[in-house]
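Read-outs: derived from the displayed coordinates by stated rules, not from any lab. The model shown is predicted, which means the values in this text are computed figures rather than measured ones. Because the Cβ atoms are built from the backbone with ideal geometry, glycine has one as well, and the counts that use them run over all protein chains shown.
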Amino acid sequence: MFELIVLIIVVVLALWVVMAFNGLVTLKNRAKEAWADIDVQLKRRYDLIPNLVETVKGYATHEKELFENVTKARTNAMSAQGVQGKADAENMLSGTLKSLFAVSENYPELKAAQNFLALQNELTDTEDKIQAARRFYNTNVRDLNIKIESFPTNLMANAFGFKAMELFQTANEAERQPVAVKF
């Protein structure tokens with residue numbers, strides 16, 4: 001009888017270990033998938049920016065410094081590494097895009113151009129998708145981090161080398177504002 005109880009306890013414990021491990025693996029892979037979704041949307045954004053800059057250049061030729069800043073911010077964002085590095089670079093890029101759209105307000109014929117309007121619409125759609133992808137990523141990272149930090153799963157997480165992941169967040173209140181797109 002005692003051996004049966006010990007066997008049941010060992011089986012239950014083994015099942016718990018397997019389920020906890022699989023749960024951690026699932027959460028880690030969901031967080032990685034969510035990060036990949038962010039990358040896809042950021043790539044789409046990066047692809048739109050040169051077209052947007054070229055369109056604005058056609059109307060606002062004396063804004064050379066602004067165009068250089070947007071291009072530099074785009075390059076920095078594309079090469080940024082790590083969650084925080086990517087977040088900081090993306091925030092800088094958003095700031096330069098805000099400046100680009102602010103300049104476009106000074107050129108009524110630019111604001112009326114079909115190409116510019118189409119690019120604005122696509123960028124607005126992309127910004128919405130980036131925001132949704134960030135929320136999805138942060139939700140998955142939060143769930144993983146809670147599991148990793150909660151007892152008794154934290155024992156399993158530490159034993160198998162699961163590490164907490166960083167949330168994708170903005171650095172300050174000014175950077176939390178969306179890119180203004182006005183028609």
Give the long-range amide H neighbours of residue 59: residues separated by 5 or more places, or on another chain, with amide H under 5 Å away, using H modelled in the peptide plane at 1.01 Å from N.
-> none
Rank these for me by crowding, 156, 19, going from fewest to most other beta carbons within 10 Å.
-> 19, 156
Using a Gaussian network model of the chain with C-alpha springs under 10 Å, which one of 137, 59, 46 is most mobile by mean-square fluctuation?
-> 59
Taking 7 Å along the Cα-to-C-beta vector as the label spot, tell me the residue 132-residue 51 distance in nanometres, rounded to one decimal.
-> 1.9
Length gained, residue 39-residue 107, 0.36 nm per residue minus C-alpha separation, equals 21.2 nm
Tell me, what HN-Hα J-couplings in whole Hz come from the Karplus equation 6.51 cos²θ - 1.76 cosθ + 1.60 at θ = phi - 60° for each residue of segment 19-33, using x for Gly and Pro?
-> 5, 5, 4, 4, x, 5, 4, 4, 5, 4, 5, 5, 5, 5, 4
Between helix 64-79 and the chain: long-axis angle, C-alpha atoms, 0 to 90°, nearest 10 = 20
GluC sites (Glu not before Pro), restricted to segment 34-122: which are DSSP loop and have at most 11 other Cβ atoms within 10 Å?
-> 105
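With a 10 Å Cβ neighbour count serving as the proxy for reagent exposure, in which order, fewest first, do 35, 16 appear? Don't skip to the end; give the middle numbers.
Details: 35 19, 16 13.
Ordered from fewest to most neighbouring Cβ atoms within 10 Å, 35, 16 come out as 16, 35.
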Just how far, in whole angstrom, is segment 108-144 from segment 25-65 if you go by their alpha carbon centroids?
-> 9
With Cα atoms, 0 to 90° folded angle of helix 83-104 axis to the chain main axis = 20
If one builds a Gaussian network model of the chain from Cα atoms under 10 Å apart, the most fluctuating residue listed among 73, 34, 14 is 14
So who's got an amide H within less than 5 Å of the one on residue 165, skipping anything under 5 residues away but keeping other chains? H placed 1.01 Å off N, in plane.
-> 145
